[in-house]
Number of protein chains: 2
Amino acid sequence: MQTKANIQNIAPYQPGVLKAGAIKLASNENPLGSSPKALAALKADLDKLHLYPDGGCVRLRNALAVHYGLTPEYFLPGNGSDEIFHFITGAFVSPGERVLTTEITFSEYTFAAQLFAGAVDYAPLTDGRLQLDVLLRKITPQTKVIFLANPNNPTGAYCEAAAFENFLQKVPGEIMVVLDEAYAEYAAAADYPDSLRLLKTFKNLLITRTFSKIYGLAGLRVGYVIAAPETIAYLNKTREPFNVNALAQTAAAAALQDTEFVQRSRANNEVGKKYLYAEFTKLKLKYYPTEANFIFVYIGQDCVTAFQKLMDRGVTVRPMRSFGVPDAIRVTIGTPEQNQKFITALKEIL
Amino acid sequence: MQTKANIQNIAPYQPGVLKAGAIKLASNENPLGSSPKALAALKADLDKLHLYPDGGCVRLRNALAVHYGLTPEYFLPGNGSDEIFHFITGAFVSPGERVLTTEITFSEYTFAAQLFAGAVDYAPLTDGRLQLDVLLRKITPQTKVIFLANPNNPTGAYCEAAAFENFLQKVPGEIMVVLDEAYAEYAAAADYPDSLRLLKTFKNLLITRTFSKIYGLAGLRVGYVIAAPETIAYLNKTREPFNVNALAQTAAAAALQDTEFVQRSRANNEVGKKYLYAEFTKLKLKYYPTEANFIFVYIGQDCVTAFQKLMDRGVTVRPMRSFGVPDAIRVTIGTPEQNQKFITALKEIL
């Protein structure tokens, strides 16, 4: 077997661990379950699963167009945002060319670059936050794509609207800027960017979003990219004909209408956030303020050991060692009961 | 936007056309619907869709291992076989290297090569059949992967066991041979290869199969590759962490147990095949004998015009012009009623 170095060097993804009976606060899933409107719509399609899905995702793209006040040509759905990142590196990165992202961020940007033999540069964070001036200095003539998560996963920190627009003005127009907004629907800050407004000015901006988080459909796998129609048409060439399964398409289109569920999920998240902030403060633990549905918190001890001890107490979280931080965990904001159980367990191990 | 030539040159896939109210005999779906056992299992998982799927597909790989009498390390599931083909070209083809396949075959082999900037060589068919000696002569020092469909889609012809084993003995061991057996469960010929038996001898053999055809789960998207464990471990590196959705995993594992549905689907196919053969003979139309659930038939007129006329009469088939054959169609073997309706419409347009 003749292997390729860029593939051999890929490190396996480390998924959140699920223990039977444990509360899973490890993968930033919606603790309230799935959008009820999505589930209801999906059930009506169970007698058509012998048929191929709509390869063009026509209904879902139309629903996204209505939701955002754009035309369907601005949208391309994928088998989760993960697949979208592959579309992007496949479309823009040739072997030896470079992708720029940050340290302590979502690992799939690096993976998507490696798959197409791209090299990756990492800009440091400061207190879990993007430093856009540092990112600008890391751009090279070989840089083809910049991946930024906003809010950032796993730190939860966000980039403000003015700073991001200023950054876009300084990035050379031939470099594609991918803004991963997987958690955008949870962002509560007044100056969180209205990124869709920037699409018409910055043709090199690609925004990715997902139905895995606030809509509670992680199991179905559906994310999407929003970009200029010419970019979408080009990315579409890299796509398998039936990349998004039929139930995901149906559920996602219906979920967009479920404003009640989205509001309830946001409200639950805000309540949990305040509770966890207060408890961390009482415990004198440093955390990063979050605009997402998880909190990055330093626990003053080895995070893998702590992870194991918490799991023994029925709560799974994500140790941050694989992100290069040995003494922090990322905990998903759960229901009030789940958050209390987590704090009780945390107090026992500190 | 700086584009890549290998991506710009990709021609869009031409999906089967679905007309409201028409009988769809265009995409080789199972006319009996989905495996009832698969549907029953799937319904029990609808309350867990807010959780990420099992990234390791543990239950499905275990079920495949039991089904085939191998260990789970021989299997890797994908988002349909289409995704498996991407794993393979991503893992083995670098820009400028070559992929070998045949003319008049499944278009996704070419697409998978193009995605990684590979070049494609095509061996001709004779009467819709593989010519393995011709394929051997087409191998170059740059050939990394050979893709063969058996039975071939769209011609339905198959390669016999002895000829295929002889072929494998002559292919250099560093070239990966992908045997796409999407329709294997329909094959009725006594000398159709027992390809799994060859896995231990030929470490360069990769077999792909799917739940989209006889199991009736095309809408869910799940296929898999069977190969030597070291090959599977290497291919696994090219995979997104959550590439197979949760319902697909559950349904596929249950479908493997549904021998009653598989037998019923095979029996329906054999009845329809004999009926269509007899009708084509009466109409003096040349067709290729099939080992799959579709028939390639020459209709003595432009196939795109005929396709349109058939659709006007409520039956959709696949015109073969995009495969380079202007006067043939591929028709899926349907239920007896669907087959009769197709023949009635066909007689009207001849």
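In table form, for the structure just shown:
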| quantity | calculated |
| --- | --- |
| Long-range neighbours under 6 Å by Cβ, at least six apart or interchain, first residue farther than 14 Å from B:Asn152 by Cα and modelled with pLDDT of 95 or more within region B:281-293, second β-branched (Val, Ile, Thr) and assigned to a loop (DSSP other than H, G, I, E, B) | none |
| Residue check, A:Ala227 within 18 Å of the chain's Cα centre (by Cα), over 26 Å from B:Asp54 (Cα atoms) and within 14 Å of chain B (Cβ to nearest Cβ) | yes |
| Region A:41-80, residues that are more than 21 Å from A:Lys237 (Cα to Cα) and of a type in the set (Phe, Trp, Tyr) | A:Tyr68 |
| Residue list for region A:200-223, filter: at pLDDT 95 or above, more than 14 Å from chain B (Cβ to nearest Cβ) and surrounded by fewer than 24 Cβ atoms within 10 Å (Cβ to Cβ) | A:Thr201, A:Ile207 |
| Selection status of A:Ala63, within 12 Å of chain B (Cβ to nearest Cβ) and either surrounded by fewer than 18 Cβ atoms within 10 Å (Cβ to Cβ) or not in a loop (DSSP other than H, G, I, E, B) (or both) | no |
| Number of positions in region B:46-87 that are of a type in the set (S, T, N, Q) and either farther than 21 Å from B:Leu179 by Cβ or free of Cβ contacts under 8 Å to residues at least 60 places away in the same chain (or both) | 1 |
| A:Arg264 vs. criteria surrounded by fewer than 21 Cβ atoms within 10 Å (Cβ to Cβ), closer than 22 Å to A:Pro36 by Cβ and in contact (Cβ under 8 Å) with a residue 40 or more places away in the chain | yes |
| Residue match in region B:324-332 (condition: within 21 Å of B:Ala267 (Cα to Cα), among the hydroxyl-bearing types (Ser, Thr, Tyr) and in a loop (DSSP other than H, G, I, E, B)) | no |
| Yes/no for A:Ile10 being among the hydrophobic types (A, V, I, L, M, F, W, C) and at the interface with another protein chain (Cβ under 7 Å from one of its Cβ atoms) | yes |
| Pairs where the first residue, in region A:165-190, is closer than 20 Å to A:Phe202 by Cβ and the second is at pLDDT below 95 and part of a loop (DSSP other than H, G, I, E, B), C-beta under 8 Å, 6+ apart | A:Glu174/B:Met1; A:Glu174/B:Gln2; A:Met176/B:Met1 |
| Qualifying residue in region B:141-148 (condition: of a type outside the set (Lys, Arg), without any contact (Cβ under 8 Å) to a residue 12 or more places away in the chain and within 23 Å of B:Tyr288 (Cβ to Cβ)) | no |
| Region B:283-298: number of residues that are under 22 Å from B:Glu29 (Cα atoms), not small (Gly, Ala, Ser) and not in a strand (DSSP E or B) | 5 |
| Selection within region A:1-32 - over 18 Å from the mean Cα position of the chain (by Cα), farther than 30 Å from B:Ala228 by Cβ and surrounded by 15 or more Cβ atoms within 10 Å (Cβ to Cβ) | A:Ala22, A:Ile23, A:Leu32 |
| Residues of region B:33-49 satisfying the condition of being surrounded by 23 or more Cβ atoms within 10 Å (Cβ to Cβ) and either part of a helix (DSSP H, G or I) or at the interface with chain A (Cβ under 7 Å from one of its Cβ atoms) (or both) | B:Ser34, B:Ala38, B:Leu42, B:Leu49 |
| Region A:94-133: number of residues that are part of a loop (DSSP other than H, G, I, E, B), within 13 Å of another protein chain (Cβ to nearest Cβ) and of a type outside the set (A, V, I, L, M, F, W, C) | 6 |
| Given (1) within 12 Å of chain A (Cβ to nearest Cβ); (2) of a type in the set (Asp, Glu); (3) not in a loop (DSSP other than H, G, I, E, B), index of the condition B:Glu73 fails | (1) |
| Given (1) surrounded by fewer than 19 Cβ atoms within 10 Å (Cβ to Cβ); (2) modelled with pLDDT of 95 or more, index of the condition B:Pro77 fails | (1) |
| Region A:232-243, subset in contact (Cβ under 8 Å) with a residue 12 or more places away in the chain and either within 16 Å of A:Ala65 (Cβ to Cβ) or touching a His at 6+ places or on another chain (Cβ under 9 Å) (or both), residue nearest to the other protein chains (Cβ to nearest Cβ) | A:Thr238 |
| Lone unmet requirement of (1) over 20 Å from the mean Cα position of the chain (by Cα); (2) assigned to a helix (DSSP H, G or I); (3) within 9 Å of chain B (Cβ to nearest Cβ) for A:Ala248 | (1) |
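Condition check ((1) touching a strand residue (DSSP E or B) at 6+ places or on another chain (Cβ under 7 Å); (2) buried (at least 22 other Cβ atoms within 10 Å of the Cβ); (3) over 25 Å from B:Ser322 (Cα atoms)) across all residues:
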residue: B:Tyr122; (1), (2), (3): yes, no, no
residue: B:Leu125; (1), (2), (3): yes, no, no
residue: B:Asp133; (1), (2), (3): no, no, yes
residue: B:Pro154; (1), (2), (3): yes, yes, no
residue: B:Ala163; (1), (2), (3): no, no, yes
residue: B:Leu168; (1), (2), (3): yes, no, yes
residue: B:Glu174; (1), (2), (3): no, no, yes
residue: B:Ala184; (1), (2), (3): yes, yes, no
residue: B:Leu198; (1), (2), (3): yes, no, yes
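The values are calculated or read from the model by the stated rules, or taken from the named source; none is laboratory data. Small disclaimer: the values here were computed from a predicted structure and weren't measured. No Cβ is skipped: glycine too gets one built from the backbone with ideal geometry, and neighbour counts run over all protein chains shown.
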